[in-house]
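Okay, so here's the structure we're looking at.
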């Protein structure tokens, strides 16, 4: 695809319109050169997975009832509240 080209891409979140802004030549590098980037990407995946499990466990463990008071939400906040 050339710069300025538009395309539709489907992901797990739906459809996305993507525009190519610039095109750069590819760079080949060995594992020793890419090692830090590869490890950082793997750590990010592990961290995201761990956070997902942690949040799921919190939701399952702490199933509290949430009660909303519309009359309180309808009132404007007091000015001295955040001082």
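The values are calculated or read from the model by the stated rules, or taken from the named source; none is laboratory data. Note that the coordinates shown come from a computational prediction; the quantities given were computed from them, not determined experimentally. Reconstructed Cβ throughout: ideal geometry from the backbone, glycine too, with neighbour counts over all protein chains shown.
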| said: When you scan region 1-17, do you find a residue that is surrounded by 10 or more Cβ atoms within 10 Å (Cβ to Cβ) and not in a loop (DSSP other than H, G, I, E, B), even just one? | reply: yes
Matching residues in region 28-72 (modelled with pLDDT of 90 or more and outside any helix (DSSP H, G or I)) number 3
